[in-house]
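A quick write-up on the structure given underneath.
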2 protein chains.
Amino acid sequence: MALFDLELLSTDRRTSARACRFSTAHGEVDTPVFMPVGTRATVKGVLPQQLSAMGAQVLLANAYHLFLRPGADVVAEAGGLHRFMNWDGVALTDSGGFQIFSLADTLKLTDEGVRFRSIVDGAWHFWSPEDNMRIQEQLGADIIMQLDQCPPYPAERDLVATAVRRSADWAKRCKAAHGREDQALFGIVQGGVHADLRRESVERLCEVGFAGYGIGGYSVGEPHDLMLESLAPVCEVLPADRPRYLMGVGSPTAMLEAIGLGIDMFDCVLPTRTARLGTAFSSEGRLNLRNARFARDHGPLDPACGCETCTGFSRAYLRHLMNTKEMLGAILLSLHNLHFLLDLTRRARSAIESGTYWAFLDEWRSSAAFDDY
Amino acid sequence: MALFDLELLSTDRRTSARACRFSTAHGEVDTPVFMPVGTRATVKGVLPQQLSAMGAQVLLANAYHLFLRPGADVVAEAGGLHRFMNWDGVALTDSGGFQIFSLADTLKLTDEGVRFRSIVDGAWHFWSPEDNMRIQEQLGADIIMQLDQCPPYPAERDLVATAVRRSADWAKRCKAAHGREDQALFGIVQGGVHADLRRESVERLCEVGFAGYGIGGYSVGEPHDLMLESLAPVCEVLPADRPRYLMGVGSPTAMLEAIGLGIDMFDCVLPTRTARLGTAFSSEGRLNLRNARFARDHGPLDPACGCETCTGFSRAYLRHLMNTKEMLGAILLSLHNLHFLLDLTRRARSAIESGTYWAFLDEWRSSAAFDDY
């Protein structure tokens, strides 16, 4: 197979779930895959070696944050993102479009590009789609995302329609500007919760043709059922021979539902962010380890889990660490939460391989963990 | 050899440095040894497994902090300190005497014991030496320290003399109250920078007889040369067949000088505390990784070091992590700083074994790292 070509290995008998594989310059990716987020070239509190050990295949970083600090030129000078952060696996950079629209207090948006202020020092910057490609080429990830316009939720339909058309135009310009053959460029589908705008977005992107397709604009506050309702028709029209990446979604139930619709790739800051607040995913649903009810609970965090945290440390110890604000609490819960999602997608893949993902999903829907959307 | 008996393996030809070994219920300890500090049953930001991997033999925890949170009863219920924190190696608890005197805003001290307020919730507690022994028996470390009175620096000579006598009385009561045969109880030498008071303290403790001797009351702000001057006569009168533990001292140069005087054991929060502030020990002296001069320095942290941090990550990356306040910065610098001190004591031991510690120390004194007292 050529670099980035998608090999379809198995499909479920009753859902649209699929198990695929594609290759990159830094190894193969088996899907469905959960990709830990290392916004500033570090997954918070976790060593790259620990991520390898738990089977992480792809790490994310963010072009917006790395552009501001330490600068894309510094990362390039270090030999690229992989060398800079000591990660031998596959790396993906998001363009930073989402961050510009969600973090910047002031921005000027035209068809030409976007002018925004740095959250670090207030300095003004301008990015055209071409500028963004140059930056992501400097960073050197294996998979890069187009610059897009990501509208908030809720948003006027007209604004969403404009974002769809502008993002499609920028997608075309990104493809024309992008030159590194060792990088896969993904287009990004927008359209909010409007199925017709989503379909229009897909059509426009497919006219250009991309190595893969991100589906953006979700996980911005919309109800989960609205996400799934408008996601289903998107999956139906996306080309079957390209990876589909649902951006920013990584809660256990949302991920499993989306896999059933045919999504291949996920990322989310949830596992590490909630860990820092003392929250753990578990086979019994979320647990808040700051809770006093765990003070004398000497059993493992999740008896069903085989991770380093669950095999070595008790709930009482983790509660003690959170209660005394010790760094190790956030570290151990991050290791567990990441392992939990990686393991969940591995089990999903295994169910797809045996054609019984529908049963796996049914079982999840009736489990204590289902509420963890 | 019986549990805790000290085996003298080698001595230096020109200094009083010595290489020894003693055994505990959780394995042997080879000295000189640096012991990482895990005050609240966690070395900040570092997993027990990472500490094993870098060759840590003994971890410290603190009876004062663990008594307040989570409670010595909770640790006992978990199966003791080792099980609670998932550490298979040797554990040592400090009595918490130092913390009571340095942290408490209000305390009432009598010959009977000390009444103090919790730094957590302001509640009043009373500890007699006997209470303290019961608490440290509940925690279950392999080596425990007597309850002592630790005067500040500078202090009136009379106050220091009183502390020497009270600590010696408490030492006797601790020994009488202590019952666990799988634990070694160490007395603590006080006396500030007064050589005669230090000698008196040693004599009083030796009349009782302990498994080992802590030397307390240093690293409280006194000049380094005053510490070394008053430490030398202490080492001369301490029994040669018992381990000598210089409490709270762990800067590279102070440790190497003290090894030359015949000290066997060290602990210090310095490696992890300075790491969180961005400071690294190195063969070139301390480096402040927050400094902009490292922004484009793509070389290793310390070219002379073989630790995980130095072999995998650049100064520019570490500077980026500190600059963006990423947890991984503190973690990677903690791993390096701990490895640095563990490796330094291993190299010291190796020099003692070949009888040339004097040369090792001379070389250090003329190195760029010497200023790191």
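The values are calculated or read from the model by the stated rules, or taken from the named source; none is laboratory data. Here the structure is a predicted model, which is why all the values come from computation and not from measurement. Because the Cβ atoms are built from the backbone with ideal geometry, glycine has one as well, and the counts that use them run over all protein chains shown. All accessible areas refer to the heavy atoms of the entire protein, side chains included, with ligands and DNA or RNA removed. Shrake-Rupley method; radii C 1.70, N 1.55, O 1.52, S 1.80 Å.
Taking all protein chains as shown and a probe of 1.4 angstrom, A:R286 keeps an accessible surface of around 90 Å².
Averaged over the residues of peptide A:320-330, the number of Cβ atoms from other protein chains lying within 10 Å of each residue's Cβ is 6. For chain B, the solvent-accessible area works out to 36 Å² per residue, with a probe of 1.4 Å and every protein chain left in place.
Think of the stretch B:293-349 as a dipole: +1 on every Lys or Arg Cβ, -1 on every Asp or Glu Cβ, centred on the Cα centre; then among B:P303, B:L318, B:L332, B:P303 lies furthest on the positive end. Solvent-accessible area lost on pairing A with B (1.4 Å probe, both sides summed) amounts to about 3500 Å². Where only DSSP H runs of four or more residues are counted, the protein assembly as shown gives -12500 deg cm²/dmol as its mean residue ellipticity at 222 nm, each run worth -39500 (n - 2.57). On the protein assembly as shown, 47 percent of the accessible area sits on carbon and sulfur atoms, based on a 1.4 Å probe. Between B:E236 and A:S366, the simple spin-label model (points 7 angstrom out along Cα→Cβ) gives 8.3 nm. Counting Cβ atoms of other protein chains within 10 Å of each Cβ in B:298-311 and taking the mean gives 1.
Neighbouring Cβ atoms from other chains, within 10 Å of the Cβ of residues in A:73-80, number 3 on average. Taking Cβ atoms as reference points and 11 Å as the exclusive limit, the residues near A:F281 contribute a net charge of -3, counting Lys and Arg as +1 and Asp and Glu as -1. Phi angles of the stretch A:106-121 translate, via the Karplus equation with coefficients 6.51, -1.76, 1.60 and θ = phi - 60°, into HN-Hα couplings of 9, 8, 10, 10, 9, 5, 5, x, 10, 9, 9, 9, 5, 6, 7, 10 Hz per residue; Gly and Pro are given as x. Look at the dipole of chain B built from charges on Cβ: of B:V160, B:M1, B:I100, the Cα furthest out on the positive end belongs to B:I100. Each Lys and Arg adds +1 at its Cβ and each Asp and Glu adds -1 at its Cβ; summed about the Cα centre, the protein assembly as shown shows a dipole of about 820 debye. Database remark: amide H of B:V90 closer than 5 angstrom to the amide H of B:L59 (H placed geometrically; neighbours at sequence offset of 5 or more, or on other chains; Pro and chain starts carry no H).
Here is how far apart the B:N288 label points are across copies: 4.1 nm, shortest first, using a point 7 Å from Cα toward Cβ. Distances between copies of A:E130, taken at a point 7 Å out from Cα along the Cα→Cβ vector and listed shortest first: 8.6 nm. Among residues other than A:K108 with Cβ under 13 Å from its Cβ, the summed charge is -1 (Lys and Arg +1, Asp and Glu -1).
Find the centroid of the Cα atoms in the stretch A:169-193 and in the stretch B:247-279, then give the distance between the two in whole Å. The stretch A:169-193 and the stretch B:247-279 have Cα centres separated by 54 Å. Hey, which of these cross-link pairs are over 30 Å Cα-Cα: A:K325/B:K175; B:K108/B:K172; B:K44/B:K172; A:K108/A:K172? With Cα atoms farther than 30 Å apart: A:K325/B:K175; B:K44/B:K172. Hydrophobic long helices, here whole DSSP H runs in chain B with Kyte-Doolittle means of at least -0.5 and Cα atoms spread over 24 Å or more along the helix axis, are found at B:157-177, B:327-353.
Rounded to whole Å, the principal axis extents of the Cα atoms in the protein assembly as shown read 90, 55, 45, largest first.
Using Cα-only point scatterers and the Debye equation, what is log10 of I(q)/I(0) for the stretch A:121-253 at each q in 0.11 Å⁻¹, rounded to two decimals? After summing over all Cα pairs, the log10 values are -0.38. The relative contact order of chain A, computed from alpha carbon pairs under 8 Å that lie at least 6 residues apart in sequence, is 18 percent. Over all other residues within a Cβ to Cβ distance under 9 Å of A:S167, the charged ones net out to +1, with Lys and Arg as +1 and Asp and Glu as -1.
Here B:D73 yields copy-to-copy label distances, from shortest upward, of 6.4 nm, the label point defined as 7 Å from Cα along Cα to C-beta. Taking Cα centre as origin and charging only the Cβ of basic (Lys, Arg, +1) and acidic (Asp, Glu, -1) residues, the dipole magnitude of the stretch A:239-373 rounds to 540 debye. Cα-based values for the stretch A:281-350, radius of gyration first and Dmax second, are 11.9, 40 Å. In a reduced charge model with +1 at each Lys and Arg Cβ and -1 at each Asp and Glu Cβ, the stretch A:303-365 shows a dipole moment near 160 debye about its Cα centre. For the stretch A:1-148, averaging the sequence separation of C-alpha pairs within contact (under 8 Å, six or more residues apart) and dividing by the residue count gives a relative contact order of 20 percent. Over all Cα atoms in chain A, the spread is summed up by Rg and Dmax: 20.2, 61 Å.
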